[in-house]
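Asker: First, the structure itself, so that you have it in front of you.
The values are calculated or read from the model by the stated rules, or taken from the named source; none is laboratory data. Treat the numbers as computed from the prediction; the structure is a model and nothing was measured. Please note that ligands, DNA and RNA were not included when accessible areas were found on the heavy atoms of the full protein model with its side chains. Shrake-Rupley method; radii C 1.70, N 1.55, O 1.52, S 1.80 Å.
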Amino acid sequence: MRIIQKPKVSEYPEYSKIYMDLLDNEKNILDQLWDNFVELKKLIYGLPEEKLMYRYAEGKWTIKEILVHNIDDERIFSCRAMRFARNDNTPLPGFEQDDYAKFSDANTRSLDSIFEEYEAVRKSTITLFKYLPQDSLLRRGAGIDDDGSIINERTVRAFVYHIAGHELRHLKIIKERYL
């Protein structure tokens, strides 16, 4: 499996540190992506249906909504990584995660359908990063704020680490607040 070095602090925005700190620095990030998926799937399939629909506070997402949020986030961050890897320097707008969750219909879906999609996206992400040209991993791109200012600059390799750490953050939240 391809080795993608962990990004330096200067390669991602400050808010991503919470995700980076959750990663196993001794493990290949692409292996870690797959292992995260397997661990999450095993945990979730072991839960009763009522836990999947539980909200620990008003306005908080259900576990099904968290899963679909992870899928959405991974798709968006993988697309950004691909664009920057291909040297597209267009600053990209953010996304409103609460709107995505609200309109995902996650709670009407079967767990099997969610994990079918999750697995397809995960395999696609791993394949994308496995075959990106080595020199593309240090290319940079940025987001754009509502006022047009440049924000959240990061390298291509920082995206794969963000995806893995973001998932681990939600896994931790599920264990601490839902179980």
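Asker: Between region 118-179 and region 70-91, what is the separation of their alpha carbon centroids in Å?
Answerer: If we compute the Cα centre of each part, the gap is 8 Å.
Asker: Angle, helix 111-131 long axis vs. longest principal axis of the chain, Cα atoms, 0 to 90°, nearest 10?
Answerer: Compared with the principal axis, the helix lies near 10 degrees.
Asker: Determine, for region 1-90, the count of lysine pairs separated by eight or more sequence positions (or lying on different chains) whose alpha-carbon distance falls under 18 Å.
Answerer: Count of close lysine pairs: 11.
Asker: Give a residue-ordered list of calculated ³J(HN,Hα) values for region 50-55 (Karplus: 6.51 cos²θ - 1.76 cosθ + 1.60, θ = phi - 60°; whole Hz; x for Gly, Pro).
Answerer: 5, 5, 5, 9, 6, 10
Asker: Whole-Hz ³J(HN,Hα) for each residue in region 57-71, computed from phi via Karplus 6.51 cos²θ - 1.76 cosθ + 1.60 with θ = phi - 60°, x for glycine and proline: what do you get?
Answerer: For region 57-71, the Karplus-derived couplings read 7, 4, x, 7, 6, 7, 4, 4, 5, 4, 4, 5, 4, 4, 4 Hz, x marking Gly and Pro.
Asker: Of the heavy-atom accessible surface of region 1-137 (probe 1.4 angstrom), what whole percent is carbon and sulfur?
Answerer: 51
Asker: Still on this structure, please answer the following. Hey, what's region 1-92 come to in accessible area per residue, 1.4 Å probe, Å²?
Answerer: Value for region 1-92: 53 Å² per residue.
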